[in-house]
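The values are calculated or read from the model by the stated rules, or taken from the named source; none is laboratory data. In this text the structure is predicted, and so the values were computed from the model without any measurement. For neighbour counting, all protein chains shown are included, and Cβ atoms are generated from backbone atoms with ideal geometry for every residue, glycine included. What goes into the accessible areas is simple: the full protein's heavy atoms, side chains included, and nothing from ligands, DNA or RNA. Shrake-Rupley method; radii C 1.70, N 1.55, O 1.52, S 1.80 Å.
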Amino acid sequence: MCGIAGLLMLDGSPPSAELIGQMTAAIAHRGPDGWDTRILGAAALGHRRLAIIDLSPAGSLPMSNDDGTIWLTYNGEIYNFAALRRELEAAGHIFRSQTDSEMVIHAYEEWGPDCLQRFIGMFAIGLWDGRRQRLWIARDRIGIKPLFYLQRGDIFAFGSEIKALLPLPGAGQQVDHAAL
């Protein structure tokens, strides 16, 4: 179980490093093997790592493609990643790690968001496409891996748990009785 978090500033301003740090810290229990955050223009990604596949630093997240234009934070397991990796290698993609995380990046490069149709597994994905200035979040079809999101004003945020969203301005802990 890893923990993911992310922000997108809808007004184009850079996100707060302190805020993405607080979001990631709120889910520290999800990943004792490492953590990191990245500010990427108007987006920020955070990750808490539970290392299972490729325990080396090459498997650390957030992870980027070769030219740093695509960044990923990811929680889960793609069961058919080895077969997809072979297909991507045959298409010319070069891998630096043994992770299914890196396969997600190359699959997105090759097939765009349609790569989801090829994934068999349980996952939650936050991917920043710097070329298109687009944040892409997705989860497995059944929702085995949680993915919560919130938009308040000019901030769009996501995380593995609601706790990751509580540091956001205006994301109070009051119960909405009408919604309940």
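Solvent-accessible area per residue in the chain equals 48 Å², computed with a 1.4 angstrom probe and all protein chains kept. Taking Cβ atoms as reference points and 13 Å as the exclusive limit, the residues near residue 123 contribute a net charge of +1, counting Lys and Arg as +1 and Asp and Glu as -1. Dividing the mean sequence gap of close Cα pairs (under 8 Å, 6+ apart) by how many residues segment 94-180 holds gives a relative contact order of 14 percent. Using Cβ point charges alone (K and R +1, D and E -1), the dipole size of segment 86-140 about the Cα centre works out to roughly 200 debye.
Sorted by packing (mean other beta-carbon atoms within 10 Å per residue), highest first, where do 38-49, 124-135, 154-165 land? Kindly include the intermediate steps, with their values, before the conclusion.
Working: 38-49: 23.4, 124-135: 19.0, 154-165: 21.4.
With the highest mean Cβ count within 10 Å placed first, the list reads 38-49, 154-165, 124-135.
Treat every Asp and Glu Cβ in segment 111-159 as -1 and every Lys and Arg Cβ as +1, leave all other atoms uncharged, and give the resulting dipole magnitude about the Cα centre to the nearest 20 debye.
Around 40 debye, computed over segment 111-159.
Helix 81-90 and the longest principal axis of the Cα set of the chain meet at an angle near 60°.
Rounded to the nearest whole Hz, the Karplus-based 3J(HN,Hα) values (6.51 cos²θ - 1.76 cosθ + 1.60, θ = phi - 60°) of segment 129-135 follow the sequence 9, x, 5, 9, 6, 10, 9, with x at glycine and proline.
Summarising the label geometry, the points placed 7 Å from Cα in the beta-carbon direction at residue 174 and residue 66 lie 5.3 nm from one another. Where does the charge balance sit around residue 3 when Lys and Arg score +1, Asp and Glu -1, over other residues with C-beta under 10 Å from its C-beta? With Lys, Arg at +1 and Asp, Glu at -1, the neighbours total +3.
If R0 is 35 Å, the Cβ-Cβ spacing of residue 114 and residue 18 corresponds to a FRET efficiency of close to 0.45.
Computed from Cα positions, the angle between helix 100-111 and the longest principal axis of the chain comes to roughly 80 degrees.
Given contacts defined as C-alpha pairs under 8 Å and at least six residues apart, what's the relative contact order of the chain, whole-number percent?
Values: 372 pairs, mean separation 43.4, N = 180.
Normalised by residue count, the contact order of the chain is 24 percent.
For the pair residue 97 and residue 149, label points projected 7 Å from Cα toward Cβ lie 2.3 nm apart.
Farthest towards the positive end of the charge dipole of segment 24-180, among the residues 168, 149, 128, is the Cα of 168, using unit charges on the Cβ of Lys, Arg, Asp and Glu.
Given +1 at the Cβ of Lys and Arg, -1 at the Cβ of Asp and Glu and no other charges, the dipole of the chain around its Cα centre is 280 debye to the nearest 20. Only protein atoms count toward the accessible area here, which uses a 1.4 Å probe; on the chain, the carbon and sulfur part of that area reaches 54 percent.
Among residues other than residue 35 with Cβ under 12 Å from its Cβ, the summed charge is +2 (Lys and Arg +1, Asp and Glu -1).
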